[in-house]
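Asker: Here it is: the structure, laid out below.
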Amino acid sequence: MKKFYAFILFAVISVSAFAEADDNYYWFFNKVEASPTGKGVIYASDGSVTPESESDYVASLDVKFNAHYSSGTISAWAKPAAGYQLAGWFTSATDETTMAEKVADGEETSIAVTTEVTTDNDTQEYYPFEPDATYYAIFAKVKVNAAAGLEDVAELSISKVANDTGDKITLTATPYDAESVQFDYWSDSKGNKITENPYTLTVSGVETYTAHFKGDGILTIDFGEGKYLPFSNECSTILNPDVVGYRIEEQSQTFFDDNNNEIAFDETQNAWGYWTNVYDDAGNLESSTFTKYEGEIPTFDTSYKLSQFGYAYNAGDAVILYSKGLQSFALTPEEEPSPWRGSLLQPTCEGAVNIADLPTKDDDGNAITYYTFNGQDFVKATTGTVAKDQCYLMLTAEQYPQPDKILVANSDLLVGIEAVPAKPAAPQFVGIYTIDGKQVTAPVKGINIVNGKKVWIK
């Protein structure tokens, strides 16, 4: 076995999601087994070690550990024998085992566990005589799953989870919401489509049947061999791991001084600096002091960035998606959409938008520049229609630079800029000037030229 402290960290994080630590010690005892016998082997631990060789894998293991939490995780590994595959990790292993008893997928996984056995110290082991639970890695010839992204739209069942050659089995997919989601077809590893549901077959070899669905609650997008697509929707959804999402967001215009104070421009003070807050013993704010920054203001090359986000898409948000092949999304209606704040992308989920009909200035009188997506990048646009459920980019004078093209597909660093304007070789002006050349005594909102350097004031 190999020491693996990353798993320890993962376990701690997982535990924290269940409960808060206390001064007691909780004693965990769980059993992990392979089933049926001879179809595969397993390894399991509290996360402190990982299997290092074939000899570490066995048919059954006891996993014992203690922690300051009543909930935790165990790490488990499965290795199917030749001619079999892992159907999943289950809480029982009989001919009557159902898919509802599955607790985890994957040949490497984590399983959530709990215990009620506790002591106020760990001077003596206090493990229960019997395991709190037994978890089974079930190996089979045939298994079922749902298309990626649609794991939670239907109940899947297989009449015999631990099936083998010659078994007659039935696969069933039952949508939870029959009005918005309907069964479409099963697909196998050879690309065959089976529209029967339930579907009865005789097991002959290793095969996985994937359930596909359709309906108002399902969105399917064909990304072909791989492409970027502008996206917005009135519903929320969870992106499966094969889909990557990007936003274009405002880039923070701050920096740190020699004392590690974060310096920002404060409009109330019309100056760059930082605030120091003083609190009383009860945590109430007593005073705030603004310290003006007297040093040189750096040049900010860009006021926006292309950033990748996680798996959750918020209703009403505007994003760029990248993937390959057919990808499905389970849509969840939201009464009060909460799109990502700070995004410079504009959604069209309420209907198609004609760029020529959009305002040319914002509420502060700043000119607006629009960009539409050409399949690879955002390009300046004054005309054209952006279809429903897509998005476009809107920049004002506060967001700079504004090149003709803003890279997405070919942006290795995800900064989203084709070419940053070159910095002046030397100051051309001493003092503070507006972008149109007017000298001022203090920076104004928007782009300023401070001693020959471009400074953006928000």
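Asker: Mind listing just one residue for me: the one in the stretch 209-219 that is touching a residue at least 60 places away in the same chain (Cβ under 8 Å) and farther than 24 Å from V353 by Cβ and, of those, surrounded by the most Cβ atoms within 10 Å (Cβ to Cβ)?
Answerer: A211
Asker: Is it the case, given these coordinates, that D46 is more than 24 Å from T170 (Cα to Cα), charged (D, E, K, R) and surrounded by fewer than 19 Cβ atoms within 10 Å (Cβ to Cβ)? It would help to see each step written out before you state the result.
Answerer: Details: more than 24 Å from T170 (Cα to Cα): yes; charged (D, E, K, R): yes; surrounded by fewer than 19 Cβ atoms within 10 Å (Cβ to Cβ): no.
It is false that D46 is more than 24 Å from T170 (Cα to Cα), charged (D, E, K, R) and surrounded by fewer than 19 Cβ atoms within 10 Å (Cβ to Cβ).
Asker: Here's another thing I want to ask about it. Looking at this structure, is Y313 crowded, with 19+ Cβ neighbours inside 10 Å and out of contact with any Asp or Glu (no Cβ under 7 Å at 6 or more places or on another chain)?
Answerer: Values: crowded, with 19+ Cβ neighbours inside 10 Å: yes; out of contact with any Asp or Glu (no Cβ under 7 Å at 6 or more places or on another chain): yes.
The answer is yes for Y313.
Asker: Can you report the number of residues in the stretch 354-380 which are free of Cβ contacts under 8 Å to residues at least 12 places away in the same chain, part of a strand (DSSP E or B) and β-branched (V, I, T)? Steps first, please.
Answerer: Going residue by residue through the stretch 354-380, those that are free of Cβ contacts under 8 Å to residues at least 12 places away in the same chain are 357, 359-361, 363, 365, 374.
After this cut, where a residue has to be part of a strand (DSSP E or B) as well, the list is 361.
In the following step, the residues that additionally are β-branched (V, I, T) were identified as none.
Number satisfying all stated conditions: 0.
Asker: Follow-up question, since we're still on this one. On the given criteria, is S189 farther than 26 Å from G351 by Cα and not assigned by TED's automatic domain parsing to the domain that holds E350?
Answerer: Details: farther than 26 Å from G351 by Cα: yes; not assigned by TED's automatic domain parsing to the domain that holds E350: yes.
Spelling it out, S189 is indeed farther than 26 Å from G351 by Cα and not assigned by TED's automatic domain parsing to the domain that holds E350.
Asker: Pick from the stretch 381-398 the residues that are part of a loop (DSSP other than H, G, I, E, B) and of a type in the set (A, V, I, L, M, F, W, C): which of them is nearest to L229 (Cα to Cα)?
Answerer: Filtering the stretch 381-398 down to residues part of a loop (DSSP other than H, G, I, E, B) leaves 381-384, 387-390, 397-398.
Narrowing the set further to residues that are of a type in the set (A, V, I, L, M, F, W, C) leaves 381, 387, 397.
Values: A381: 17, A387: 12, A397: 26 Å.
Going through the qualifying residues, I end up with A387.
Rundown of residues vs (1) under 26 Å from S180 (Cβ atoms); (2) crowded, with 18+ Cβ neighbours inside 10 Å; (3) not assigned by TED's automatic domain parsing to the domain that holds K214, yes/no style:
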position: L331; (1), (2), (3): yes, yes, yes
position: L358; (1), (2), (3): no, no, yes
position: I368; (1), (2), (3): no, no, yes
position: F378; (1), (2), (3): no, yes, yes
position: A397; (1), (2), (3): no, yes, yes
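Asker: Restricting to the stretch 51-80, what's the tally of residues that are hydroxyl-bearing (S, T, Y) and buried (at least 18 other Cβ atoms within 10 Å of the Cβ)?
Answerer: So in the stretch 51-80, the residues hydroxyl-bearing (S, T, Y) come out as 53, 55, 57, 60, 69-71, 73, 75.
Narrowing the set further to residues that are buried (at least 18 other Cβ atoms within 10 Å of the Cβ) leaves 69-70, 73, 75.
Qualifying residue count for the region: 4.
Asker: Out of all the residues in the stretch 104-114, is one or more outside any strand (DSSP E or B), crowded, with 16+ Cβ neighbours inside 10 Å and in the same structural domain as S71 (by TED's automatic domain parsing)?
Answerer: Looking only at the stretch 104-114, we keep the residues that are outside any strand (DSSP E or B), and these are 105-107.
Now restrict to residues that are crowded, with 16+ Cβ neighbours inside 10 Å: none.
There is no residue in the stretch 104-114 that is outside any strand (DSSP E or B), crowded, with 16+ Cβ neighbours inside 10 Å and in the same structural domain as S71 (by TED's automatic domain parsing).
Asker: Only one of S236, S232 is in contact with a Cys (Cβ under 8 Å, 6 or more places away or on another chain), within 29 Å of L407 (Cα to Cα) and assigned by TED's automatic domain parsing to the domain that holds P401; which? Spell out how you get there, then give the answer.
Answerer: Working: S236 fails: in contact with a Cys (Cβ under 8 Å, 6 or more places away or on another chain).
Just a single option satisfies the conditions, and that option is S232.
Asker: In this structure, is T208 out of contact with any Asp or Glu (no Cβ under 8 Å at 6 or more places or on another chain) and outside any loop (DSSP other than H, G, I, E, B)?
Answerer: Numbers: out of contact with any Asp or Glu (no Cβ under 8 Å at 6 or more places or on another chain): no; outside any loop (DSSP other than H, G, I, E, B): yes.
Against the criterion (out of contact with any Asp or Glu (no Cβ under 8 Å at 6 or more places or on another chain) and outside any loop (DSSP other than H, G, I, E, B)), T208 does not qualify.
Asker: Mind checking which residues of the stretch 224-267 are under 19 Å from the mean Cα position of the chain (by Cα), buried (at least 16 other Cβ atoms within 10 Å of the Cβ) and assigned to a loop (DSSP other than H, G, I, E, B)?
Answerer: Passing the criteria: N233, L239, N240, V243.
Asker: Let me ask something else about it. Can we say S157 is surrounded by fewer than 18 Cβ atoms within 10 Å (Cβ to Cβ), small (G, A, S) and modelled with pLDDT of 95 or more?
Answerer: yes
The values are calculated or read from the model by the stated rules, or taken from the named source; none is laboratory data. These numbers come from a predicted model, not from an experiment. Because the Cβ atoms are built from the backbone with ideal geometry, glycine has one as well, and the counts that use them run over all protein chains shown.
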